[in-house]
1. Looking at the range 25-48, is at least one residue of a type in the set (Val, Ile, Thr), closer than 17 Å to PHE83 by Cα and surrounded by 13 or more Cβ atoms within 10 Å (Cβ to Cβ)?
2. Which of (1) at pLDDT 95 or above; (2) assigned to a helix (DSSP H, G or I); (3) of a type in the set (Ser, Thr, Tyr) does TYR54 not meet, given it meets every other one?
3. From the set of residues in the range 1-34 that are in a helix (DSSP H, G or I) and of a type in the set (Val, Ile, Thr), which is farthest from MET96 (Cα to Cα)?
4. Quick one: how many residues across the range 66-79 are under 14 Å from the mean Cα position of the chain (by Cα), in contact (Cβ under 8 Å) with a residue 12 or more places away in the chain and in a helix (DSSP H, G or I)?
5. For the range 13-24: of the residues being free of Cβ contacts under 8 Å to residues at least 24 places away in the same chain, over 10 Å from PRO88 (Cβ atoms) and touching a strand residue (DSSP E or B) at 6+ places or on another chain (Cβ under 9 Å), which is surrounded by the most Cβ atoms within 10 Å (Cβ to Cβ)?
6. Taking TYR63, is it over 17 Å from PRO88 (Cβ atoms), among the hydroxyl-bearing types (Ser, Thr, Tyr), outside any strand (DSSP E or B) and modelled with pLDDT of 95 or more?
Amino acid sequence: MKKALIICAAGMSSSMMAKKTTDYFKTQNKAIEMDAITATEGEESIREGDFDLYLVSPQTTMYLEGFQKIGQEVGKPVVSIPFNAYIPIPMGIEKMAKLVEENI
């Protein structure tokens, strides 16, 4: 089972996207789970390395460069989520799933 983590400002929208994308992966018979945390927890979570991929939400791109440096230190990919992959409708969920699959 692969795991991806969305790092977001408050965790509300990211939790919804994580759940909907995990559900989408299940319908596609893909063994990928997603979760979400706040940006204040991001650095520690990346350092722990419990996830295969870290995704930075559009509203927290100011942290992207710092998170990517930490990701390089621990050998974990950290990528930015484009706005069109952060919409909780089928099109956005499919784009999020594609982003995860391309980077995990």
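1. The answer is no; no qualifying residue exists.
2. The single condition TYR54 does not satisfy is (2).
3. Among those that are in a helix (DSSP H, G or I) and of a type in the set (Val, Ile, Thr), it is THR27.
4. Residues flagged as under 14 Å from the mean Cα position of the chain (by Cα), in contact (Cβ under 8 Å) with a residue 12 or more places away in the chain and in a helix (DSSP H, G or I) within the range 66-79 amount to 2.
5. Only one residue tops the list, namely ALA18.
6. Spelling it out, TYR63 is indeed over 17 Å from PRO88 (Cβ atoms), among the hydroxyl-bearing types (Ser, Thr, Tyr), outside any strand (DSSP E or B) and modelled with pLDDT of 95 or more.
Conditions tested, residue by residue: (1) out of contact with any Gly (no Cβ under 6 Å at 6 or more places or on another chain); (2) closer than 15 Å to LYS3 by Cβ; (3) surrounded by 18 or more Cβ atoms within 10 Å (Cβ to Cβ).
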{"residue": "LEU53", "(1), (2), (3)": "yes, yes, yes"}
{"residue": "THR60", "(1), (2), (3)": "yes, no, yes"}
{"residue": "VAL74", "(1), (2), (3)": "no, yes, no"}
{"residue": "LYS95", "(1), (2), (3)": "yes, no, yes"}
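The values are calculated or read from the model by the stated rules, or taken from the named source; none is laboratory data. Everything numeric here is computed off the predicted structure, so don't read it as measured data. As a convention, Cβ positions derive from the backbone with ideal geometry for all residues, glycine included, and neighbour counts pool all protein chains shown.
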